[in-house]
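Notes follow the structure.
The values are calculated or read from the model by the stated rules, or taken from the named source; none is laboratory data. Here the structure is a predicted model, which is why all the values come from computation and not from measurement. All Cβ positions, glycine included, derive from the backbone under ideal geometry; neighbour counts span all protein chains shown.
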Amino acid sequence: MDRRAFLRTMRTLEARDPLADWAAPMTPFEVLVSTILSQSTTVGNERRGMDGLRKAFGTVTPDALAEAPIRRIERAIWHAGLSRQKAGRIRDVARIVRGRWGGSLDGVLRRRTEAARADLVSLPGVGPKTADVVLAMAGGHPTFPVDTHVDRIARRWGLVPRTDYEATRAALEAWTPPGKRKAWHLAMIAHGRTLCKARRPRCAECPVARDCDWYRARGRRRPDKRLRSPEG
Ligand code: SF4
């Protein structure tokens, strides 16, 4: 897919899935916690985990979580899976945010993008994807977070040859106007959840199939029901 096709494709997807900003009612710390909870699980289970935290602690803040017993956090987030590991990370992050930044990520998010990213990835359990989600969704930084859907679709479109977080982010940021990165990140996720699924992508219903490298190479030769993605 070339740049012109990418821009046409993304405008189509954005029109189909206009920005639904899930982070708008949340604090930056809540966005960080929800992104940690979302690791290796579905959005539904991540939301159950956040609801569990709110129910158990009243608020999801560094003060509420920094001294909480691990077992209590674990029980609150069990829907999100990997609860022991995630509970430890969440409490560690709460302690660091409280001790290092006065209980708020606002100061971190006011820094320049690369400095803010470096601060965020210094936290336990926070890798480049989690940092970019917080930067984009909570801080308004012009990053293009690459989650599993974005990664898969970028490879199907031929933007990158293989899974490589930084290469994929760079490719998407090179072609996406800064003001569109958050909206197009969300539009790609919506596309990945609804049509461009890992298994059996619904290419026959896809509004951007004509520009899709993967479809052009494989899909047209096969009935939709038999399409398979190499990564499953
Ligand atoms: S044509 Fe198929 S593989 Fe390509 S973007 Fe659409 S759903 Fe995904």
(message) Pull out all pairs, ordered by first then second residue, where Cβ-Cβ is under 8 Å, the residues are six or more apart or on different chains, the first lies in region 37-54 and is over 18 Å from GLY125 (Cα atoms) and free of Cβ contacts under 8 Å to residues at least 12 places away in the same chain, and the second is outside any helix (DSSP H, G or I) and among the aliphatic types (A, V, I, L, M).
(response) ARG54/VAL60
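Being part of a helix (DSSP H, G or I), surrounded by fewer than 19 Cβ atoms within 10 Å (Cβ to Cβ) and in contact with a Gly (Cβ under 9 Å, 6 or more places away or on another chain) is the filter here, so list the residues in region 29-57 that pass it.
ASN45 - this is the single residue of region 29-57 that is part of a helix (DSSP H, G or I), surrounded by fewer than 19 Cβ atoms within 10 Å (Cβ to Cβ) and in contact with a Gly (Cβ under 9 Å, 6 or more places away or on another chain).
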(message) Condition first: part of a helix (DSSP H, G or I), under 30 Å from ALA209 (Cβ atoms) and of a type in the set (Ser, Thr, Tyr). Can you find one or more residues in region 139-162 that meet it?
(response) yes
(request) Would you mind finding the one in ILE153, ILE90 that is of a type in the set (A, V, I, L, M) and closer than 19 Å to VAL31 by Cβ? (result) ILE90
(message) Anything in region 176-205 that is within 21 Å of HIS141 (Cα to Cα) and touching a residue at least 60 places away in the same chain (Cβ under 8 Å)? List them, or say none.
(response) THR176, LYS180, LYS182, ALA183, TRP184, LEU186, ALA187, MET188, ALA190
(message) Just to verify a result, which residue in region 69-82, among those that are in contact (Cβ under 8 Å) with a residue 24 or more places away in the chain and in a helix (DSSP H, G or I), is surrounded by the most Cβ atoms within 10 Å (Cβ to Cβ)?
(response) ALA80
(request) Being in contact (Cβ under 8 Å) with a residue 40 or more places away in the chain and surrounded by 21 or more Cβ atoms within 10 Å (Cβ to Cβ) is the filter here, so list the residues in region 160-175 that pass it. (result) ARG169
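So, in region 122-134, how many residues would count as being more than 17 Å from ALA20 (Cα to Cα) and either in contact with a Phe, Trp or Tyr (Cβ under 9 Å, 6 or more places away or on another chain) or buried (at least 16 other Cβ atoms within 10 Å of the Cβ) (or both)?
Filtering region 122-134 for residues more than 17 Å from ALA20 (Cα to Cα) gives 122-132.
Filter once more, keeping what is either in contact with a Phe, Trp or Tyr (Cβ under 9 Å, 6 or more places away or on another chain) or buried (at least 16 other Cβ atoms within 10 Å of the Cβ) (or both): 123, 125-132.
Selection size over region 122-134: 9.
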(message) Which pairs turn up if I take residues in region 119-133 that are over 15 Å from LEU109 (Cα atoms) and look for partners that are acidic (Asp, Glu) and crowded, with 21+ Cβ neighbours inside 10 Å with beta carbon separation below 7 Å, at least 6 apart in sequence or on another chain?
(response) none
(request) Return yes when ALA64 is over 19 Å from VAL126 (Cα atoms) and at pLDDT 95 or above and no when it is not. (result) yes
(request) Filter region 188-225 down to residues that are more than 7 Å from the ligand (Cβ to nearest atom) and part of a loop (DSSP other than H, G, I, E, B) and give me whichever is modelled with the lowest pLDDT. (result) PRO223
(request) For PRO161, work out the one condition from (1) over 14 Å from MET1 (Cα atoms); (2) modelled with pLDDT under 95; (3) more than 15 Å from the ligand (Cβ to nearest atom) it doesn't fulfil. (result) (1)
(request) Output yes when any residue across region 58-66 is surrounded by fewer than 20 Cβ atoms within 10 Å (Cβ to Cβ), under 17 Å from GLN39 (Cβ atoms) and polar (S, T, N, Q), and no when none is. (result) no
